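Inspection log for the structure reproduced underneath, given as structure tokens.
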Ligand SMILES: Nc1nc2c(ncn2[C@@H]2O[C@H](COP(=O)(O)OP(=O)(O)OP(=O)(O)O)[C@@H](O)[C@H]2O)c(=O)[nH]1
């Protein structure tokens with residue numbers, strides 16, 4: 001199936017299509033939870049243990065019959081680990097930048113994160129903005145339109161996710177895998193449009209005010 005997350009694999013898998021993706025954003029926005037939801041399909045409520053430094057998980061996503069191995073790095077959001085995580089930006093092909101829709105501070109800090117990304121990451125890195133915890137409708141302070149307009153300002157794709165319900169989690173990683181496959185597989189094929197792909201897919205999922 002297209003865009004299907006097929007299996008977990010280890011590092012020796014098809015090296016040509018192995019890509020490094022990094023999760024960044026303030027502490028507590030849900031980076032680890034998003035990765036656990038994508039990797040294991042589960043959410044551990046209230047289990048907040050701040051990431052120390054950095055760690056990674058491998059996941060294989062099948063795109064049009066081709067396997068794309070995403071090596072996903074989960075970084076610590078806390079300021080004191082910043083110099084450690086900067087070192088990892090350089091080799092990343094994709095970067096998922098998260099804020100928490102119930103935290104104005106985490107949203108306001110996105111500009112600072114983008115400044116860091118532009119300073120330390122490769123200029124061609126695929127960046128996607130994710131407004132996480134979209135299940136928390138009662139305590140939402142950042143409107144979907146605010147996320148959309150910030151993403152538009154920087155020319156990057158955007159969606160809201162919930163590591164708790166799983167909504168749009170697979171889509172976020174699949175869209176990245178598709179974009180990376182398009183960029184690096186050398187195949188002569190119609191250009192993949194990540195913005196259009198996300199728009200069509202997230203409407204189908206009916207997340208967080210869509211549909
Ligand atoms: N309701 C809800 N809670 C979430 C969601 N994602 C994460 N949480 C909760 O938010 C808290 C922080 O989640 P983490 O995944 O540890 O956050 P983090 O961004 O990895 O934090 P650092 O490791 O400090 O950078 C935990 O209590 C999670 O259970 C979500 O989508 N919905």
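The values are calculated or read from the model by the stated rules, or taken from the named source; none is laboratory data. All figures in this text were calculated on a predicted structure; none of them were measured in a lab. Neighbour counts run over all protein chains shown; Cβ positions are idealised from the backbone, glycine included.
Things to note:
- Of all residues in region 3-35, those satisfying the criterion of being modelled with pLDDT under 75, assigned to a loop (DSSP other than H, G, I, E, B) and touching a strand residue (DSSP E or B) at 6+ places or on another chain (Cβ under 7 Å) are 3, 8, 9, 10, 11, 13, 14.
- Restricting the search to helices (runs of 4 or more DSSP H) fully inside region 36-127 and requiring at least 3 residues that are under 24 Å from residue 168 (Cβ atoms), within 15 Å of the ligand (Cβ to nearest atom) and modelled with pLDDT of 85 or more gives 104-108.
- Qualifying positions in region 122-140 - within 15 Å of the chain's Cα centre (by Cα) and more than 22 Å from residue 193 (Cβ to Cβ): 132, 133, 134
- Number of residues in region 133-155 that are surrounded by fewer than 18 Cβ atoms within 10 Å (Cβ to Cβ) and touching a strand residue (DSSP E or B) at 6+ places or on another chain (Cβ under 6 Å): the value is 1.
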